[in-house]
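No value in this document is a laboratory result; all are computed from the given coordinates. The model shown is predicted, which means the values in this text are computed figures rather than measured ones. Glycine gets a Cβ as well: all are built from the backbone with ideal geometry, and neighbour counts include every protein chain shown.
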Ligand code: WT7
């Protein structure tokens, strides 16, 4: 039997060693024992990072939905697969069992097929966090269509760009969505987008909010009547291991988004195996990831990873602030959540609110806490650990990317001792490398450099849709024979990794290499500070100087601003050194953020550099309105 479920540290080290010494044997055993296949592979792995070309489980055949649904019907037919928590409190939660989900996916697959969707066709899904979103994703996989989920907070321009980039034939959307006390007219956004998308011949519309919308004759159809008539069985399309499963767009250093292509077999095996171990999932657990399925976190750790393990996975439609800042904690109590996986930005936002919002609820069901998306600062880590986990739930700081498909560096809870702000050790099968300025790998500990991965893992993206050259140039050309992540990291004395942030966020001040993350951490530890971002701006003597944008906590607002600035710089001086002191500090009401919560330093850099003529497209930001305010008061 393979070590599918790792339970203690020696076992981790033993399995890890085995996985990197004999990767093919290792992954073969996992694939053989824990998944169902229509045809066995001829070879486990073929790879060449120069081409670049990676094949896992060559010539194997499968359908991922048979692994996520059909095979559970014998043992888990009545177990809840998806636990849906609606935005509105008046609406009851829905417990969708494995047999019900299977039925809904089969019906949806029949609707797709009846509307002309064939294996290999691209289908754009633009839906809120409702069960139909998961059903649509799985139905595409069942018919062999390639889904491209676009986060339903993106503008019509962002949507049409993504639809056209991969020539989607169909769009699945809803009349609208609930978001806190607001509704959003999704169908209206789709209508505007489709004025620029001539290839889209059909639009299926979920009735979510019951609003009056325009239906275009011959193109648009309400989904429910089609489902009502659809057959309840659908034989899954047989897919090759390396057939594309989905495309998911992520932003790059240029304006054009990159359509990362993930394939069937390797993605399935790796997301399922990481889910089991990194969340220590057990049969009775109720797992909740607060991400949106519009991001890779939702694909891998709301839908595919959990369902491949027969887990109960929660889908939450709403926002953490509605009806008040206790909503997350309310849901944890209500559904007795055992694993809770969220983003540092959400933790910091909730930590700003009164502790009473947390204290009202019984959070004793929690066993594992997770974070993802950006480095977590110490203060937020401790708040999470003390107030949510009550110091008894390990925090898994999971490092990965849209491109990696699954988590690559993370503690295994109850196995790996954790250290705040450290993603700790590489997961099974993952071979990280830290590169120095000369492009050489640093093999010793206590070094800091650029993070690469030097051996393939099953869930890595295989290409950028329609642009393999860009895939090679972006990820495989900086360091020969290695996948370059774009992140910096340090490895400490015991071999733990700490992600220091994007290397494109590094600022050189007077010839010193400064990462933004540690300086921001230091600023954030000031008791009056809620959050901060620093960027470089041109300076006559130093080359670059540092400009800090700082959000104050409510308690800090009444304080004298000049004194605060001195204290912040004093703190940085103490913790990092005078070199990291800020030349300018601007107090701001908010920071421009992407929908996934990442600070858009590009915009702040332009403001700091007084170069605001061409800010680029800010319509996809979470909070475009703060940009003007920051510009008006720039120093
Ligand atoms: C970038 C990838 C992976 C799902 C969500 C984001 C940063 C991600 C961590 C972490 C420090 C992290 C990296 C990475 N990042 N997780 N635990 N600690 N940084 O996916 O939008 O593709 O972003 O997010 O910079 O490269 P993404």
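Once you have the Kirkwood Rh of region 135-294 from its Cα pairs, apply Stokes-Einstein at 25 °C and 0.890 mPa s and quote D in µm²/s.
Numbers: Rh = 17.8 Å.
D = 138 µm²/s.
Given a cut-off of 26 Å, what percent of all Cα-Cα pairs of region 54-198 lie beyond it?
Working: 3435 of 10440 pairs.
Tail fraction, whole percent: 33.
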* Whole-angstrom Cα spans of region 207-285 along principal axes, big to small -> 46, 43, 30
* To do: Using packing as a proxy for protection, rank 144-154, 96-106 so that the peptide with the highest average count of other Cβ atoms within 10 Å comes first.
  => 144-154, 96-106
* To do: Compute the distance in nm between two label points, each set 7 Å from the Cα along the Cα-to-Cβ direction, one at residue 356 and one at residue 391.
  => 2.6
* Evaluate the distance, in nm, between pseudo-label points positioned 7 Å from the Cα of residue 566 and of residue 51 along their respective Cα→Cβ axes. => 6.5
* **Residue-span extension gain [residue 635 to residue 613] - 0.36 nm each, minus C-alpha spacing** => 6.3 nm
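Using only alpha carbons, build the gyration tensor for region 351-484 and give me the equivalent ellipsoid semi-axes, biggest first, whole Å.
Values: eigenvalues 235, 58, 37 Å².
Taking √(5λ) for each Cα gyration eigenvalue gives 34, 17, 14 Å.
Give me the mean projected area, in nm² to one decimal, of the convex hull enclosing the Cα positions of region 556-598. Before the final figure, lay out each step's value.
Numbers: hull surface 16.6 nm².
Mean shadow area of the hull around the Cα atoms is 4.2 nm².
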* Asked: Does anyone have the angle between helix 9-21 and the longest principal axis of the chain? Alpha-carbon axes, 0 to 90°, nearest 10?
  -> 70
* Structure fact -> Long-range alpha-carbon pairs in region 507-602, meaning those over 15 Å apart, account in percent for 58
* **Stokes-Einstein D in µm²/s, Kirkwood radius over Cα pairs - region 565-633 at 25 °C with 0.890 mPa s viscosity** => 183
* Counting DSSP beta bridges with both ends in the chain, the antiparallel % (nearest 5) -> 60
* To do: Using only Cα atoms, find the angle between the long axis of helix 156-165 and the longest principal axis of the chain, and express it within 0 to 90 degrees, rounded to the nearest 10.
  => 60
* Structure fact -> The helix 98-114 Cα axis meets the longest alpha-carbon principal axis of the chain at an angle in degrees, between 0 and 90 and rounded to 10, of 80
* To do: Would you mind classifying region 98-174 by shape? Square roots of the alpha carbon gyration tensor eigenvalues, ordered a ≥ b ≥ c; an a/c under 1.5 is rounded, otherwise it is prolate if a/b is larger than b/c and oblate if not.
  => oblate
* Asked: Working out 0.36 nm times the residue gap between residue 579 and residue 10, then minus their Cα-Cα distance, what length gain in nm do you get to one decimal?
  -> 200.6 nm
* Structure fact -> For 246, 84, 484, ascending order of other Cβ atoms within 10 Å (fewest first) is 484, 84, 246
* Structure fact -> One can check that the equivalent ellipsoid of region 17-74, built from the alpha-carbon gyration tensor with semi-axes equal to the square roots of five times its eigenvalues, has lengths in Å, largest first, of 24, 15, 9
* Asked: Counting only DSSP beta bridges with both residues in region 522-635, what percent are antiparallel, rounded to the nearest 5?
  -> 75
* Asked: For the residues 476, 57, what sequence is obtained by ranking on other C-beta atoms within 10 Å, fewest first?
  -> 476, 57
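Got the relative contact order for region 1-77 handy, in percent, Cα pairs under 8 Å and 6 or more residues apart? Let's see the in-between values first.
Numbers: 68 pairs, mean separation 17.9, N = 77.
Contact order relative to length: 23 percent.
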* Structure fact -> Cα-based Rg then Dmax for the chain, in Å, read 24.0, 73
* **Estimated D of region 281-395 in µm² per second, where Rh is the Kirkwood radius over Cα pairs and Stokes-Einstein applies at 37 °C, 0.692 mPa s** => 230
* Euclidean distance between Cα centres, region 206-224 to region 241-304, Å -> 29
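Could you please rank 622, 9, placing first whichever residue has the fewest other Cβ atoms within 10 Å of its Cβ?
Values: 622 17, 9 14.
Fewest-to-most Cβ neighbours within 10 Å comes out as 9, 622.
How high is the relative contact order of the chain? Use alpha-carbon pairs under 8 Å, at least six apart in sequence, and give a whole percent. Can you show the working numbers first?
Details: 1338 pairs, mean separation 70.3, N = 635.
For the chain, the relative contact order is 11 percent.
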* **Alpha carbon centroid spacing (whole Å) that separates region 421-435 from region 343-376** => 25
* Given N residues in region 421-566, what is Rg(Cα) / (2.2 N^0.38 Å)? -> 1.28
* **Virtual spin-label span in nm between residue 181 and residue 74, 7 Å along Cα→Cβ** => 5.3
* To do: Indicate the gyration tensor shape class of region 25-108 (rounded, prolate or oblate), computed on the Cα atoms with a ≥ b ≥ c the square roots of the eigenvalues: a/c under 1.5 is rounded; otherwise a/b larger than b/c is prolate and the rest oblate.
  => prolate
* Distance from region 560-582 to region 105-149 (C-alpha centre basis), Å -> 53
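Report Rg/Rh for region 240-334, rounded to two decimals, where Rg is the Cα radius of gyration and Rh the Kirkwood radius.
Working: Rg = 15.6 Å, Rh = 15.0 Å.
Taking Rg over the Kirkwood Rh, I get 1.04.
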